[in-house]
1. Thinking of the range C:60-111 as a set of Cα atoms, what percent of all their pairs are more than 17 Å apart?
2. Treating cross-link reach as a plain straight distance, find the lysines whose alpha-carbon is under 27 Å from the alpha-carbon of B:Lys319, omitting any fewer than eight places away in the same chain.
3. Can you put C:Phe275, A:Phe31 in order of Cβ neighbours within 10 angstrom, beginning with the fewest?
4. Give the aspartates and glutamates reachable from C:Lys54 as a straight Cα distance under 15 Å; neighbours fewer than 8 places away on the same chain don't count.
5. So for the range C:211-342, considering every pair of alpha-carbon atoms, how many percent are separated by more than 18 Å?
6. Report Rg (one decimal) and Dmax (nearest whole number) for chain C, counting Cα atoms only, units Å.
7. State the Cα centre-to-centre distance between the range C:203-248 and the range B:300-335 in whole Å.
8. Nearest 10 degrees is fine. How inclined is helix A:154-178 to the longest principal axis of chain A, computing both from alpha carbons?
Amino acid sequence: MTAKTRRRPPVLAVLSTAFIVLWLVLAAFPFLWTLWGSFKVQGDFFSRQDWVNALTGVHTIAETGGPFTGRGYYGAWVTKEFWRAAINTGIVTVSVVLISLTFGTLGGYALSRSPHRYAFWILIAALIFRAMPHITLVSGYLLPFFQLNVWGYLTTAIVVLVAINQPFTLWMLHSFFKSIPKDLDESAMVDGCSRFQAFRMVIIPVMWPGVVTTGLFSFLLAYNDFAVTATLLTQDNQTMVPKIASFLGTTQVQGNVMYAVSAVVSATVPLFLLVLFFQRQIVSGLTAGAVKG
Amino acid sequence: MAEIQLKNVSKRWGNFVAVDAFDLAIADEEFLVLLGPSGCGKTTTMRMIAGLEEITDGEIFIGERLVNRLEPKDRDIAMVFQSYGLYPTMSVYENIRFPLKVRRVAKDEHHERVMRAAKMVELTDFLERRPAELSGGQRQRVALARAIVRQPTVFLMDEPLSNLDAKLRVSTRSQIKNLHHELRTTTIYVTHDQIEAMTLADRVVVMNKGVVQQVGTPLEIYDRPANTFVAGFIGSPAMNLIDGTIGDGVFTGQNVTIKGLPATVSGPVTLGFRAEDAAARPDGGGEIAAPIFSLELLGEASMVTVQAGGALVAVKVPKDFAAEIGSAFSAAVPAGICHLFDAESGKRIAV
Amino acid sequence: MPHRTFIWFILPSALAMLIFIALPIVSILVQSLFVENERVLVTVENCGPFGCQKEVRVDAQATAALQREHPLGRFNGLGTYGNRSHLAFSEIAAIWNARPTLAGFLSEVMTLPFYRALAFTLAYTAVVTPLVIALGFFIALAVDALPRMVKGPVIFMSLLPMMITPLIGSLVLFWMIDSNGIIGASIQALANDPSLSLKASATLAWITLFVYGIWHSAPFAFVVFYAGLQTVPQDTMESAMIDGASRWERVRYVVLPHLSPLVVFVALIQLMDNFRVFEPIVGFSAQANATSLSFNIYNDLRSTGTPLFGSAAATSVLTLAGVALLLTPVLVRTWRDFKRSR
Ligand SMILES: Nc1ncnc2c1ncn2[C@@H]1O[C@H](COP(=O)(O)OP(=O)(O)OP(=O)(O)O)[C@@H](O)[C@H]1O
Ligand SMILES: [Mg+2]
């Protein structure tokens with residue numbers, strides 16, 4: 001906005017700045033606090049006497065000799081084999097992103113280019129599918145998967161997550177493709193491309209920003225999922241999120257809740273980096289999704 | 001090189017008829033212009049020939065081949081899009097080379113052919129640039145070069161000059177004319193600018209609301225419009241059209257009486273004549289007599305408008321013609337320059 | 001695009017959605033009509049030194065065989081829908097007859113698992129959705145007014161609650177509100193009541209979950225509105241100024257109408273997402289005080305021993321009915337627009 005339209009009375013400016021500061025504290029403080037606390041012992045992070053203990057680390061110094069300790073991390077990653085879950089998460093998210101994007105670009109492109117009415121209805125169906133609570137779908141899978149003997153494998157979780165992710169991917173890529181002029185693929189087809197060649201050689205190179213943004217959201221869905229991975233995977237194949245959930249049942253009793261805290265911090269680091277590097281794409285992606293509803 | 005035949009080609013979207021029973025044979029090496037007002041179905045017709053739009057009814061032949069079900073790439077055509085359709089991620093050179101690449105033309109020929117095409121449209125200095133770094137006219141020429149880089153059977157051009165400024169339009173127009181002269185490729189050219197149509201075309205197809213109104217050489221269309229729509233669309237200004245009645249070779253209407261017309265026609269008719277064919281009669285006694293409605297200086301001449309036959313009628317006068325608005329005016333409209341159209345159907349009445 | 005090409009392009013997506021979204025819906029419809037097999041019991045005579053005793057035992061082998069033969073279980077018709085864990089018709093009738101006052105009736109009904117979950121799910125959706133939109137809108141207005149330099153970091157920090165894994169996000173807050181955690185302990189100190197716990201009281205647990213939901217989703221609304229604010233037509237804004245519109249009137253008559261499609265978008269997404277609330281309940285271990293429909297399904301599926309597929313499926317069907325109700329206004333509107341555009 002231009003300078004003129006944004007000039008504001010000072011009271012309002014102060015109020016709005018105070019509001020933002022408050023919001024930022026609310027938004028970011030829990031993360032900082034947990035990050036800090038993950039290097040303490042339980043007695044400090046969950047301090048009966050005084051929360052200042054968590055800052056000074058009285059018990060941490062008493063128990064380990066230093067103000068910071070990596071015990072929680074050691075416990076989670078080594079003792080509890082969190083690394084296995086991390087590898088599984090890696091496999092699941094990368095596969096889900098790649099497959100979702102492959103299917104989604106093809107489908108989204110077709111939807112954006114078809115003049116026929118059924119394209120509209122497919123989009124509406126996708127919208128309805130988007131509304132399905134994931135756990136209801138899972139309750140539909142479990143019994144058939146047991147019967148077919150496909151329960152428990154990473155592949156199964158990947159396929160299911162791809163499918164669940166598809167409605168959103170289709171919508172998002174559809175609106176990105178819509179913004180690319182039709183002339184482009186049409187001139188490619190006249191120049192001698194088949195529909196698929198036009199898509200691959202002319203449209204995809206133009207589409208990279210949209211593909212990256214959609215990929216980010218597919219990543220988030222797969223990475224953050226709990227409903228599917230907690231119910232469809234065996235103990236050995238568990239990914240990070242259900243693994244952390246399973247820590248809770250056992251560790252609280254043993255006084256090793258710090259394992260869970262460290263695991264939580266570890267699992268948050270990739271997300272943190274993601275926001276750091278792709279902030280612009282995330283913002284533009286949400287807008288693109290919104291433009292077309 | 002080949003001739004193109006459209007047999008009763010129609011396009012409908014639901015109940016809306018965009019092109020209705022288009023029937024035409026386009027000769028080999030012909031430069032055909034599709035002309036008509038906005039939304040009349042020109043682009044749709046061209047896209048059906050290119051294979052970008054499904055045909056609802058009818059058949060299209062390119063050469064001997066029925067192409068109805070053929071993909072665009074198998075029709076051996078080249079097309080220049082109204083908005084150019086350049087590939088933004090490729091350089092100008094790559095853009096021009098693209099058709100050769102995807103059609104698997106032998107690699108060693110590429111460079112030479114790209115350079116020849118680029119030279120024809122005077123683009124050799126810009127080959128490394130991206131389309132975004134070019135002006136509108138330069139982009140236009142890239143689109144042209146991409147079309148001529150291989151020798152297609154047919155060129156399709158959809159208003160290729162519409163985005164250019166007046167001066168560039170004139171020069172690119174002559175470039176296209178020259179290219180056609182050199183390459184001799186059958187060309188279909190869409191425009192709603194009649195000057196372009198007149199200057200470029202071997203034959204012009206005038207369309208309105210999806211229906212072909214007249215097919216003919218530019219002169220035929222100008223001199224013998226097939227109906228009142230063509231008469232009112234072609235020419236600048238368009239032909240004057242006056243309503244009135246005719247009997248015993250005499251046409252009468254508001255402020256108009258023209259004698260010496262064919263006596264075979266009688267009843268209500270529409271009479272047409274061109275502003276430049278009529279002349280002022282300063283001494284009075286012309287076929288049209290009415291007070292002057294407006295007087296405009298055009299540069300090389302002036303235009304007088306009067307009310308006659310329920311319409312505004314324009315007459316071209318010398319540029320030094322001077323008169324007050326509202327003063328009496330008389331114009332000579334001899335029977336020889338008049339066209340007669342059926343008052344109801346608007347069809348030309350042969351005389 | 002010809003039909004054939006279209007089909008090839010859409011096929012992978014369409015198949016994935018048909019097999020893993022549409023088919024499971026059929027699957028839960030079928031499953032909801034069945035209940036688990038009964039265990040096969042045998043009576044065996046145990047003869048020991050003190051005489052013979054009759055004992056009833058589970059015949060594991062026969063049970064497994066039965067399970068193999070009828071993996072779905074016994075056919076139960078619509079029975080599951082009516083039982084205590086779901087719509088609980090007979091229980092409701094009994095309560096109705098026993099309790100003349102409406103408040104008493106409602107509080108009794110709230111002890112039935114399905115209604116308890118439904119009540120929380122609806123409350124969560126109804127409270128969180130509008131507050132998310134309002135909070136997101138104000139954050140967007142405030143951020144938009146910030147100097148360019150600080151905008152980047154502010155947006156970065158604001159995005160964090162949304163990006164975080166819901167389960168992890170709720171754990172982080174859960175630890176902080178633990179009576180030994182920073183917030184929990186501080187609240188006790190402030191209220192001077194060492195027994196106060198956000199986890200113990202149902203009301204406080206609900207509020208905690210609502211607050212978490214708003215914290216988690218407000219950034220989404222914020223980002224969408226913020227991006228919308230960047231495209232507010234400047235000339236309209238300026239002409240409104242010239243016309244003498246006050247600051248608030250400009251927001252009311254120019255900015256809000258411009259953002260209204262985005263509000264619809266955010267509301268739609270939020271309704272969908274909030275209606276399936278589930279991870280926070282796991283993260284906050286709040287099931288004693290609050291359960292949601294999704295949580296009930298999860299609970300049935302994870303129930304120790306045999307998963308209660310029939311029960312989970314019945315709740316799923318009821319949940320989907322709720323989703324359908326939720327979507328109806330949207331679909332009706334889309335359908336009308338579609339009709340009009342033709
Ligand atoms: N995909 C479509 N669906 C429905 N109607 C369409 C579609 N494409 C074009 N039309 C209609 O068909 C008619 C002819 O369109 P066409 O693009 O051929 O016009 P045109 O003669 O090229 O006009 P212009 O000179 O403005 O480019 C128009 O009335 C247009 O609204
Ligand atoms: Mg057109």
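1. Working: 732 of 1326 pairs.
So the portion of pairs separated by more than 17 Å is 55 percent.
2. Candidates past the 8-residue exclusion: B:Lys167.
3. Values: C:Phe275 23, A:Phe31 19.
The fewest-first ordering by Cβ neighbours comes to A:Phe31, C:Phe275.
4. C:Glu45
5. Details: 6029 of 8646 pairs.
Tail of P(r) above 18 Å: 70 percent of Cα pairs.
6. Rg then Dmax for chain C, in Å: 26.9, 106.
7. A separation of 64 Å, based on Cα centres.
8. Helix A:154-178 sits roughly 50 degrees off the main axis of chain A.
Computed from the coordinates by the stated procedures, all read-outs in this text should not be read as laboratory data. Because the structure is a prediction, the values reported are computed rather than measured. Cβ atoms come from the backbone with ideal geometry, glycine included; neighbour counts cover every protein chain shown.
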